[in-house]
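I have placed the structure first, in the form of structure tokens, so that the comments after it can refer back to it.
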Amino acid sequence: MAKDIVLRNVRLIDGIADQARDNVSIVISGDRIKAITTDGGPSGPNVEVIDLAGKTVMPGLIDTHVHSTLVSDIDLSLFLATGVTTARDVGGRLDKVLTLRERLSKGEVLGPRLFVCGPLLDGGHKTFPDGAFGEILDTVTSVEAAPGKINSLLDAGVDGIKLYFGMTPDIMEACLNTVDKQVPVTGHIGATTAIEAIKLGIDGLEHMWISPYNNICPVEMRFGPEMSMMSSRFPKVTFQGWEEADLQGPGAQELFNLMAEKQVKMGTTLDLLWVDNIGIEEALKDTDRIYIPESGLAHQRSLAKVVKAGEEWDIHTGYPPGNGKKALEKQKEAVRILHDKGGVIVGGTDCCGIAYPPPGFALWREAELLADAIGDMAALKAITASAASALRKEDELGTIKPGCYADILVLEKDPSEDVKNLRSLERVFRSGVEYDPKGLLAAYPARDFDNLGMAS
Ligand SMILES: [Zn+2]
């Protein structure tokens with residue numbers, strides 16, 4: 001039998017408490033956390049003691065919004081290399097996500113523990129483009145079609161359901177009634193407002209930018225059924241709508257109050273506007289850029305063509321960079337207001353679907369943007385314990401306590417003092433198995449950008 005492992009004398013961020021605790025020891029037995037002690041823990045021939053005095057330990061990170069089948073196997077190692085031990089795929093072709101979940105769980109692919117939803121479910125009669133973005137979409141054509149579609153996904157063993165932009169309230173109601181709380185349902189919604197969706201019983205909302213938009217923007221700026229996510233008008237209209245939004249107005253306040261009351265999970269994906277936050281010039285100097293997956297970059301370029309946005313750059317998400325800065329500031333303010341009301345803030349990134357920031361690194365960016373809004377420790381909870389609650393796995397993941405999976409990060413510096421310290425990651429445990437983040441990054445076929453002066 002494998003020896004128990006003791007991580008001795010650490011500073012512990014457990015994912016729940018508001019303060020880190022010093023001089024704590026953690027006992028790992030197999031794939032689980034066995035005990036947390038302040039007496040140094042067991043020693044002797046049957047335990048491996050790792051003295052970590054001066055180091056900080058926290059739960060493995062959880063990215064609740066990825067599209068894992070749009071990148072190659074090797075790209076999934078970036079999650080582990082950045083401490084993301086769990087990810088939720090919120091849109092992928094059913095057979096592909098199920099196969100990938102199994103291969104990851106067997107260790108055939110190096111990467112996070114994966115939860116899957118199957119395809120994004122739009123509503124009504126739709127046709128989808130060929131290629132990567134088309135294959136992750138499906139539609140529930142009518143109210144009558146909802147039970148068949150939903151039950152086929154549940155029977156296949158999905159961990160959740162993801163509803164999409166064009167689904168109207170009648171079809172959404174039929175879908176939610178069929179799910180009947182068996183798995184969590186989240187939505188990247190538009191044709192149904194967030195308030196309507198919550199009243200129908202949805203568990204989570206994706207993208208602060210998009211799902212709450214129609215309840216928050218000025219009435220005359222709402223998008224209707226004619227608005228497409230694939231339109232170059234989409235960011236233009238919504239950025240302006242965010243700039244002009246009244247977050248203290250009745251629509252926004254009703255939404256935030258309802259979200260807090262029902263504990264609806266707000267998956268933030270603020271990183272979608274990360275480039276806008278610092279501007280394209282600065283973004284082009286970003287050192288994480290060498291980890292952009294080749295496949296992600298190819299998708300990025302094809303998406304840019306669909307929205308007729310040109311092909312300027314790998315880092316560019318298909319809309320004029322720079323325009324979204326004010327919108328992002330407003331979205332951060334919305335996160336803060338919701339958090340202050342007791343709402344559940346959940347970190348997610350949309351990585352792999354859109355090329356930048358790269359897998360794993362995207363969640364570090366998300367944490368930085370969240371920390372601006374709600375502070376460092378709350379940002380860490382959003383990517384650990386709160387994220388686990390969005391998966392309904394709070395008893396097993398996102399927290400360091402006895403009985404949970406031994407998904408544990410060891411850091412040189414304390415990220416609750418500054419979330420940028422997530423970059424001081426030294427060791428990653430997933431299910432009690434240790435990985436070396438620097439080794440994983442060194443093994444990754446990083447891109448060679450001349451202007452970064454880095455060899456691949
Ligand atoms: Zn997405």
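The values are calculated or read from the model by the stated rules, or taken from the named source; none is laboratory data. Please read these numbers as outputs of a predicted model, since none were measured by experiment. Glycine also receives a Cβ, built like all others from the backbone with ideal geometry; neighbour counts cover every protein chain displayed. Remember, those area values only see protein heavy atoms, side chains included, never the ligands or the DNA or RNA. Shrake-Rupley method; radii C 1.70, N 1.55, O 1.52, S 1.80 Å.
For the set 236, 262, 332, solvent exposure ranked by accessible area (probe 1.4 Å, protein chains only) runs largest to smallest as 236, 262, 332.
Could you work out [θ]222 nm for the chain from helices alone, using -39500 (n - 2.57) per DSSP H run of at least four and dividing by all its residues? Round to the nearest 500 deg cm²/dmol.
Numbers: 17 runs with 152 residues, N = 456.
Rounded to the nearest 500, it is -9500 deg cm²/dmol.
Note on the chain: dipole from Cβ charges, positive end direction compared against 343, 182, 29; the farthest Cα belongs to 29. Pair-distance distribution P(r) for segment 169-295, from all Cα-Cα distances in 5 Å bins starting at 0: 2, 9, 17, 20, 17, 14, 9, 8, 3, 0 percent. What number, in percent, do you get for the relative contact order of segment 61-397 if the mean sequence gap of Cα pairs under 8 Å and at least 6 apart is divided by its residue count? Rounded, it is 19 percent for segment 61-397. In the context of the full protein assembly, residue 345 retains an accessible surface of approximately 10 Å², using a probe radius of 1.4 Å and ignoring ligands and nucleic acids.
Dipole orientation for the chain: of the candidates 399, 425, 377, 399 has the Cα lying most toward the positive pole (charges on Cβ; Lys, Arg +1; Asp, Glu -1). Bridge orientation summary for the chain: considering DSSP beta bridges with both residues in this region, about 40 percent are antiparallel.
Candidates 2, 443, 104 compared by Cα position along the dipole of the chain: farthest toward the positive end lies 2, with charges placed on Cβ.
What does a probe at residue 151 reach in segment 168-182, counting residues whose amide N is under 20 Å from the point 7 Å along Cα→Cβ? It comes to 171-182, nothing else. Rolling a 1.4 Å probe across all protein chains gives residue 244 an accessible area of roughly 90 Å².
So, R0 is 35 Å and r is the distance between the beta-carbons of residue 130 and residue 254; what FRET efficiency does that work out to, to 0.05?
Working: r = 41 Å, r/R0 = 1.16.
The calculated FRET efficiency here is 0.30.
Accessible surface of residue 407, taken over heavy atoms with a 1.4 Å probe and every protein chain present, rounds to 10 Å². Probing with 1.4 Å while keeping every protein chain in the model, the per residue accessible area of the chain equals 38 Å².
Cross-link list 96/305; 55/401; 3/413; 55/332; 181/330: which exceed 23 angstrom alpha carbon to alpha carbon? Going by Cα-Cα distance, 96/305; 3/413; 55/332; 181/330 fall outside the 23 Å limit. Helix 169-179 versus the longest principal axis of the chain: what is the Cα-based angle in degrees, 0 to 90, to the nearest 10? Once rounded, the angle reads 30 degrees.
Per the 1.4 Å probe, what fraction of the accessible area of the chain, in percent, lies on carbon and sulfur atoms?
Numbers: 8500 of 17290 Å².
The C+S portion of the solvent-accessible surface of the chain is 49 percent.
Legend: P(r) of segment 61-397 from all alpha carbon pair distances, 10 Å bins from 0, whole percents, reading 6, 28, 39, 24, 3, 0. Between residue 142 and residue 230, the contour length at 0.36 nm per residue exceeds the alpha carbon distance by 29.4 nm. In this simple spin-label model, placing a label point 7 Å from the Cα along the Cα-to-Cβ direction at both residue 73 and residue 302 gives a separation of 2.1 nm. PRE reach from residue 220 (point 7 Å along Cα→Cβ): which of segment 234-248 fall under 16 Å by backbone N? Those under the cut-off are 237-238, 240-246. Evaluated with a Cβ-only charge set (Lys, Arg +1; Asp, Glu -1), segment 61-397 carries a dipole of roughly 160 debye about its Cα centre, given to the nearest 20.
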